[in-house]
Amino acid sequence: LLDFGANTKARLSSSGDQPKPPSPLCPRLIRRASDTPEAAAAITAAASEQQPAQSLGFPVLPSPPTSPAMAGLLHLNSTLLPSASALRRRSGAPVPGSSSSSRRRCRVEAKIREIFMPALSSTMTEGKIVSWTAAEGDRLSKGDPVVVVESDKADMDVETFHDGFLAAVLVPAGESAPVGSAIALLAESEEEIPAAQSQAASFSPSAAPPPPQETAAQETSPPPPPPPPPAPVAVSAPAPPSPATQGGARVIASPYAKKLANDLGVDLFSVTGSGPGGRIVAKDVEAAATAPKKAAPVVAARPDVPLGSTVPFTTMQGAVSKNMVESLAVPTFRVGYTITTDALDQLYKKIKSKGVTMSALLAKATAMALVQHPVVNASCRDGKSFTYNSSINIAVAVAIDGGLITPVLQDADKLDIYSLSRKWKELVDKARAKQLQPHEYNSGTFTLSNLGMFGVDRFDAILPPGTGAIMAVGASQPTVVGTKDGRIGMKNQMQVNVTADHRIIYGADLAAFLQTLSKIIEDPKDLTF
Amino acid sequence: MMQSTAAVSISASSVATGAARSGAARRAGGVRVCGLRGEALACPSLRISPAAHARLAVARAVANGAVGGSGEFDYDLVIIGAGVGGHGAALHAVEEVGEACSGLKTAIIEGDVVGGTCVNRGCVPSKALLAVSGRMRELHDEHHMKSLGLQVSSAGYDRQGVADHANNLASKIRSNLTNSMKALGVDILTGVGTIVGKQKVRYGVGFPDKEITARNIIIATGSVPFVPKGIEVDGKTVFTSDHALKLESVPDWIAIVGSGYIGLEFSDVYTALGSEVTFVEALDQLMPGFDPEIAKLAQRVLINPRKIDYHTGVFASKITPAKDGKPVLIELIDAKTKEHKETLEVDAALIATGRAPFTKGLGLENINVATQRGFVPVDERMRVMDADGNVVPNLYCIGDANGKLMLAHAASAQGISVVEQITGRDHILNHLSIPAACFTHPEISMVGLTEPQAREKADKEGFEVNVVKTSFKANTKALAENEGDGIAKLIYRPDTGEILGVHILGLHAADLIHEASNAIALGIRVQDIKFAVHAHPTLSEVLDELFKAAKVNSGLSHSVNEPVAA
């Protein structure tokens, strides 16, 4: 791979050379840092906490190493560079997709900058966050240290290029990120913090818990994944060194069990130990982490609500709040419709065994209706124009512990019902695991919200900003109806209620759309092709 | 320096006149204060010819009455304790004098087994266990294997097999040691040695009844594991390194009391073999003896990713062995407030709180020597001091028993230094040139001062201190091994280029440190050693990087001009 002969020779000759100005490395590093226009991170002169003046071979350090070493290092670097940069590209590959999409959004929404993992040396491909020196919500001035990164050389303070507020930490302390990937978001103003935080939800699929030692200092809970655990339930899993005794009660857990509990966010108090003397061992924590997840969300949350206290919004709650307030800027109106679902119910019974879900059926029916009424699938972003969306992406609201998320069934009109059902299941699983990618929950063009499972017969939904319409679906219930021929019969019926942006969608549009939808649902043979 | 000069004149006067001439020449540069032979520090260009050396040796030996027997004494030298220190001293004593005559007539008294702690219950068997742990670690690290392109089916181990390996290694080294002494004519006397008077030792098994006289005596009785009060050692579930090295069991969960070298190495062994470990450390930080930066990184590399947790700032005030189906109970109290903090329930506890000198029964009271916390007080030449602060003539103490630096190789170096003195060559061992190593994976090694020590010294003496660091991630060989974790750090004086300390954490750090320790011992400065060539690609280039990165302000000894500021 490497030309060792040449390499060695050059090293030797360069070390024998008279000192050269030690500059070459510096501009290159600096250039790399500024290559990425969005890079809000710089390298500071300060090295590790203890000795700011240690020369580590980095640019802004007060005493750069002597030149022979530099030359040697440089040469080695340049030999390694192609592969190193290739590596960097490769390891950075998954990031651009997500970050570019968020950058696009970022331009639309607000001045929210990403802080990137800087390349602190030419051989560095990824860096580990040692600690965050700033907490979320902190105001930062240009040049303030934000984070300590462990590079391949040493710990380096990384400082911000811009003034602003540290809105969201995307990579918690202790985790690594490839060079060039976003590790935090910097909001230009305090008002933009919630926006940044909702944007933060789109990053980092890992459901890592916040660094334990920092939680106290933070205003909002920092976990990057989209739906953070509801604050009250949030288990303050003990940090590795923390005693097994908490609040007087004793928990005997092995070191690894404690570590796992911390990593998986499991409350050791809720775990039954199977080890000697009832000790909690690793497998108990693993079992607890996988098992109760499904049972917990329904029951767990409420009893733990700290009554009488004020709990700050989680990232997700902040995002919801912001969206809801924004929706007030849109003039909306509502149109309701009652649809008979006997045929749909029958179809559902028939194909349920093939994994088809009611949500998928409703989404499919809606999408097919939207094909005929593109205006209902349109959106108005600037108050001056229609955007006729090219795809029909049905977002379906899902309640998960501590919030609400809208996984999106993309091209619901084109996919067959079986694929659509599979897709739906996958999205729900991901949503529960807090692993939805941004495009999987923010690309909807029309939203469905169904509260029928709770027995709700009708309700009214708020239009999510950026879309044209949302449909609230009530329960399908056996209803006594009079038919045209004067008889009385029982039919299963459900009420749907569409909220729409009246700047672009008018009453007649909705009425026509609902009529089409009811026809499709009442004669659902087309749903299965 | 005053003191050294005085010592020279005293010893010179005791030397026969024939030797005085060459002796004066030899010491022209002053007393050797380095840990190595040769006069590099004082006067690099001065070399004594072999002939002069031999002549000198004869003269010296005559002066000491060492030639052709021991005169009125049974032995020239009796060493009490056949550990690594005693062994090093004995070998040097019999070999020392060179071509012209045989060496000192030497006996070594051992009441237990030859090899002492290091060979039987310390460094040697622990290295065997650590060799196993290193391999286990590698084989279990799927990611590491995969990135090398290797596929290995699941690795397991046979506890007894591992234990046997450690035991066999100890036996082998022990017999090597014994044979080397026998072959060179060291008398190995069995029994416990007691000093009964000036230059007189009694020894024997059970009832010591044999008495011998010796011109010089070296105490090298070593140390035993220190067990704090309140800890009940049963050897099965609560034990010291003595038991642990036999590896009679691999507990699921073991508490290690003390996070120094011993504790750290055992945590490496136990976690590699599948145990979970809880450290109990009295100080506020783990690995308190290490350079803080190294300790921090060591925690990141050796503690945090492993199945280890820890309690710092706590004493284990009471430890009860497991019995009647109950686990080992460890009561922790706050190190400062002494308040009870909590009780740990674990499967086993290893007491690694340090070592206590083994000096009981030496008969020191017979010669008016009072131990200090068990340690035998010595001066910088390892000469034993009596209760009144005077040097006890012809009596020396080396190794753990004097507590200066409790390391096997330090004991050996002190022993050699003593033999140098009693054969007429004054010698002071520079303890700052003695390297230390912790054989975890990766290893930690150090020599000289830690950074806080260096800065304190600098503040006091008014000089500047610089630190340079480099990473194993920048080293080709380390990357080839996929072992990029680690740093090396050099602490030096930018005004003179003197190396004050070097600390390494990384692959084969224990082997890498010697370039630095030799440089310190020989007084080589960074501006000189930076021109020494290192083979590429080797791990030694880590140190090369360090030396080259160091900036020295005055180009004192080299003609190459260095930019003072870039």
Exactly one of B:G289, B:G263 is of a type outside the set (A, V, I, L, M) and open to solvent by 40 Å² or more (accessible area, probe 1.4 Å), and that residue is B:G289
Among the residues in region B:205-219, are any assigned to a loop (DSSP other than H, G, I, E, B), surrounded by 18 or more Cβ atoms within 10 Å (Cβ to Cβ) and modelled with pLDDT under 95? yes
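Residue-wise test of (1) at pLDDT 95 or above; (2) open to solvent by less than 30 Å² (accessible area, probe 1.4 Å); (3) on the phi < 0 side of the Ramachandran plot.
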site	(1), (2), (3)
B:I499	yes, yes, yes
B:H514	yes, no, yes
B:K530	no, yes, yes
B:H558	no, no, yes
B:E562	no, no, yes
Across region B:443-482, the tally of residues that are crowded, with 22+ Cβ neighbours inside 10 Å, away from chain A (no Cβ under 14 Å) and not aliphatic (A, V, I, L, M) stands at 3
Residue pairs qualifying under the 8 Å Cβ cut-off, at least six apart or on distinct chains, with the first in region A:412-437 being hydrophobic (A, V, I, L, M, F, W, C) and the second being outside any loop (DSSP other than H, G, I, E, B) and open to solvent by 30 Å² or more (accessible area, probe 1.4 Å), are A:L415/A:K423; A:I417/A:T528; A:W424/A:S359; A:L436/A:K430
Scanning region B:384-413 residue by residue, those farther than 30 Å from B:S126 by Cα and crowded, with 18+ Cβ neighbours inside 10 Å turn out to be B:V384, B:M385, B:V392, B:L395
Some residue of region B:424-433 being in contact (Cβ under 8 Å) with a residue 60 or more places away in the chain, under 17 Å from B:R215 (Cα atoms) and within 17 Å of the chain's Cα centre (by Cα): no
Residue hits (region B:118-165; outside any helix (DSSP H, G or I) and among the hydrophobic types (A, V, I, L, M, F, W, C)) are B:L150, B:V152, B:A155
Among A:K354, A:K350, the single one that is in contact with a helix residue (DSSP H, G or I) (Cβ under 7 Å, 6 or more places away or on another chain), exposed (fewer than 15 other Cβ atoms within 10 Å of the Cβ) and not aromatic (F, W, Y) is A:K354
Turns out the strands (runs of 3 or more DSSP E) fully within region B:453-557 with at least 1 residues that are among the aliphatic types (A, V, I, L, M) and within 30 Å of B:D141 (Cβ to Cβ) are B:487-492, B:499-506
Subset of region A:343-395, residues among the small types (G, A, S), closer than 21 Å to A:L420 by Cα and part of a loop (DSSP other than H, G, I, E, B), comes to A:G355, A:S390, A:S391
Matching residues in region B:298-341 (more than 24 Å from B:L273 (Cβ to Cβ) and either open to solvent by less than 50 Å² (accessible area, probe 1.4 Å) or of a type in the set (F, W, Y) (or both)) number 10
Filtering region A:505-529 for residues that are out of contact with any Gly (no Cβ under 6 Å at 6 or more places or on another chain) and not in a helix (DSSP H, G or I) leaves a count of 3
Of all strands (runs of 3 or more DSSP E) fully inside region A:397-470, the set with 2 or more residues that are open to solvent by less than 10 Å² (accessible area, probe 1.4 Å), within 21 Å of A:C380 (Cα to Cα) and among the aromatic types (F, W, Y) is none
I'd like to know if region B:251-265 contains one or more residues that are part of a strand (DSSP E or B), touching a residue at least 60 places away in the same chain (Cβ under 8 Å), aliphatic (A, V, I, L, M) and under 26 Å from B:F375 (Cβ atoms). yes
Residue hits (region B:295-332; in contact with a helix residue (DSSP H, G or I) (Cβ under 9 Å, 6 or more places away or on another chain), touching a residue at least 40 places away in the same chain (Cβ under 8 Å) and more than 8 Å from every other protein chain (Cβ to nearest Cβ)) are B:A298, B:L302
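The values are calculated or read from the model by the stated rules, or taken from the named source; none is laboratory data. Since the structure is predicted, the reported quantities are computational estimates derived from the model, not experimental observations. Positions of Cβ are backbone-derived with ideal geometry, glycine not excepted, and every protein chain shown enters the neighbour counts. Each accessible area value is taken on the protein alone, full model and side chains, heavy atoms only, with ligands, DNA and RNA left out. Shrake-Rupley method; radii C 1.70, N 1.55, O 1.52, S 1.80 Å.
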